[in-house]
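Since the structure comes first, as structure tokens, the remarks are kept for the end.
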């Protein structure tokens, strides 16, 4: 399905074993998307999320979320406890 609505949120999972361009390099490109309001970097090795949010005047701010924190976005509306995001993420089989 193709959507014509503007992108307001972009989330990426960081994987330490997979070589990729530095997240800052991608973020520089994403900042040119005028509709983008939220950029999330989600760690795959620990319960840690970096949330970059664009203010009305265009400046970006960083907030970090760790175990016990709740990520809250105003638009789109989202309340996501970090513990739920990472529920069973680091369990080992067996």
Being surrounded by 12 or more Cβ atoms within 10 Å (Cβ to Cβ) and modelled with pLDDT of 90 or more: is that true of residue 71 here?
yes
Given the condition touching a residue at least 24 places away in the same chain (Cβ under 8 Å), under 22 Å from residue 16 (Cβ atoms) and under 12 Å from the mean Cα position of the chain (by Cα), answer yes or no: does some residue in the range 56-70 qualify? no
Of the residues in the range 79-89 that are surrounded by 13 or more Cβ atoms within 10 Å (Cβ to Cβ) and free of Cβ contacts under 8 Å to residues at least 24 places away in the same chain, the one that is nearest to the chain's Cα centre (by Cα) is 80
Here the qualifying pairs (Cβ atoms under 8 Å; residues six or more apart or on different chains; first in the range 17-43 and modelled with pLDDT of 90 or more; second part of a helix (DSSP H, G or I)) come out as 36/30; 39/27; 39/30; 41/23; 42/85
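The values are calculated or read from the model by the stated rules, or taken from the named source; none is laboratory data. The structure presented is a predicted model; accordingly, all values stated were derived computationally and were not measured. Every residue, glycine among them, receives a Cβ derived from its backbone with ideal geometry; neighbour counts consider all protein chains shown.
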